[in-house]
1. Amide H of V76: which non-local residues (sequence gap of 5 or more, or other chain) have their own amide H closer than 5 Å, using H built in the peptide plane?
2. How high is the relative contact order of the chain, in percent, with contacts defined as C-alpha pairs under 8 Å that are six or more residues apart?
3. Can you tell me the FRET efficiency between A387 and D105 if r is taken as the Cβ-Cβ distance and R0 is 30 Å, rounded to the nearest 0.05?
4. Give, in nm to one decimal, the length gained when the segment between R306 and R221 is fully stretched (0.36 nm per residue of separation minus the Cα-Cα distance).
5. Is the C-alpha gyration tensor of the range 228-311 telling us rounded, prolate or oblate? Criteria: a/c under 1.5 is rounded; beyond that, a/b larger than b/c is prolate, otherwise oblate.
6. Return a whole-number percent for the relative contact order of the range 135-187, with Cα pairs under 8 Å and 6 or more residues apart as the contact set.
7. Using +1 at the Cβ of each Lys and Arg and -1 at the Cβ of each Asp and Glu in the chain, identify which of C131, G184, C252 lies farthest towards the dipole's positive end.
8. To the nearest 10 degrees, how steep is helix 128-142 against the longest Cα principal axis of the chain, on a 0 to 90 scale?
Amino acid sequence: MQALAPDLAEIEAARARLDGIARVTPLYSSETFSNRCSRPVWLKAENLQRTGSFKVRGAYNRIATLSDEQRQAGVVAASAGNHGQAVAWAAREAGTSATIFVPLDAPMTKVEAARAYGARVEFEGEGFDDCMDAAQEQAQRHGATFVHAFEDPVVIAGQGTIGLELAEQLADVGTVVVPVGGGGLAAGISLALRALKPDVRLVGVQASPELTIADGIAVKRPGELTMAILGETLDDLVRVSDDEITDALVLCLERTKLVVEGAGAAGLAALLAGRVGGDGPAAVVLSGGNIDPTLLISVMRHGLTRAGRYLVLSTLIPDKPGELTRLLDLVAGLRGNVVAVRHHREGMRMHVMQTEVELTLVTRDEAHCGEIVAALEERGYPVERVA
Ligand SMILES: Cc1ncc(COP(=O)(O)O)c(C=O)c1O
C-alpha cells in the first residue's frame, strides 16, 4: 500500500477526534431500492452530516491535528462547494480562523453558508485553479495551513471514519458504493474497510465527463495519492450519466424522503443502473445533500417527466367557443390533472381558424401518458409530445 496512505490506527484516531463533533450518520434500509435491485440496499445518510456533507470529517481531522502555533495562523482552502463550507465550520469548531477562496461566479448560497460559519471569503479568478493558486499563495505568505480537499492523508483518514461506522452498522455488508471526485472519500472508506472486512466489494462511481449536475464529483481528477490508493483498494470504478443521477435523486427524495445532491446520488444511480455487481447487502454512501433549491426544482421536474409523471403536449383546436372546454373535459375524463394551459394564436403550422394549445398535465406513469395521447389522437386531435 502507498507509503502515505493512512492506516487503520490513523483512521481510528480520526474517529476519536471527531467524537462529539461529526455526527455518526444513520444507515437506513430501503425497501424500494432493495426491491428494485433484488438485494438488500442500505443508505449511509451523510447528507444529514453537519454542513450537509461528509466533508467535515476530513476537514476537522486536519484542523484538529494542527499545533497551537499553526492554529494561530489560521487555515485556507479553495472551494465553492462542500469542502469550503466544511473547512469554515471545522475551523470555527476548532477555534481557528478560515479564509475560503472561491471563483468570481461562485453561487451566493455557498458563499453565504461559509460566511455564516465565520469564514472570510475571497473571490478569485474564473475557475478552481485560480482559487487554488491564490489559496496556496496566501497560506505561504501568512504561514496559514492550506487544507486540501482530498490529497492529504489526514483528510483521507477523516473520511475513512465512514468506513468504520459502516463496518459496525452493517455486519454482513457485501458491497459498498462510493462517489469519487478527487477520491478522498473513497480512499478513506476503502482503506478502513479493506482493513476490517477484506472481502467486501468496493465500487467507486464517477460522473460522466460532460456538464453534470453532480458538481461535487464533476471535472475533478482524482489526486495522485488518492488514485494510487484506489488502484489498490477498489474492485471497480464505474460511471453514471446525468439522467441516471436525476432518476436516483428523484426516487430517493420521493421514497426515502432524503434530499441528496447530484454527487450524493451518484452511488445510488450506479446501483439502480445495474453497474455495481457483486452480491449480498449493498451499502451506498449518500455523500451530501447540498442542492440549490432552484436546481432541485429543475431536477425534480426533469426526473418526473422522465418517469412519465408529467406530460407536456401541444395540439390544435378550432378557434371556436367551447373547443377548449371540450379538450379539457376529455383530458379530465382520462384522469390527467391539468397544471398549465398555454394558447398560441399565431404559428406557421396553424390554419387561421385554429389555435394551438399546450397542456402540462400531471400523470400517473408512462403508460398513462400513452393512454392520453392515444385517446386525443383517436378524437382527431393532432398531438405533439413536448415532454
Ligand atoms: C457530495 C459530494 N460527494 C462526493 C464528493 C467526492 O469526494 P472526493 O473528492 O473526496 O472524491 C464530493 C466532493 O466534493 C462531494 O461534495
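Just so you know, all these numbers are worked out from the coordinates, no wet-lab data involved. The model shown is predicted, which means the values in this text are computed figures rather than measured ones. All Cβ positions, glycine included, derive from the backbone under ideal geometry; neighbour counts span all protein chains shown.
1. Answer set, sorted by chain and number: T99, T145, F146, V147.
2. 16 percent
3. Once rounded, the FRET efficiency stands at 0.55.
4. Going from the current span to full extension adds 27.6 nm.
5. prolate
6. After rounding, I find 37 percent.
7. Positive-most Cα among the choices belongs to C252.
8. 30 degrees
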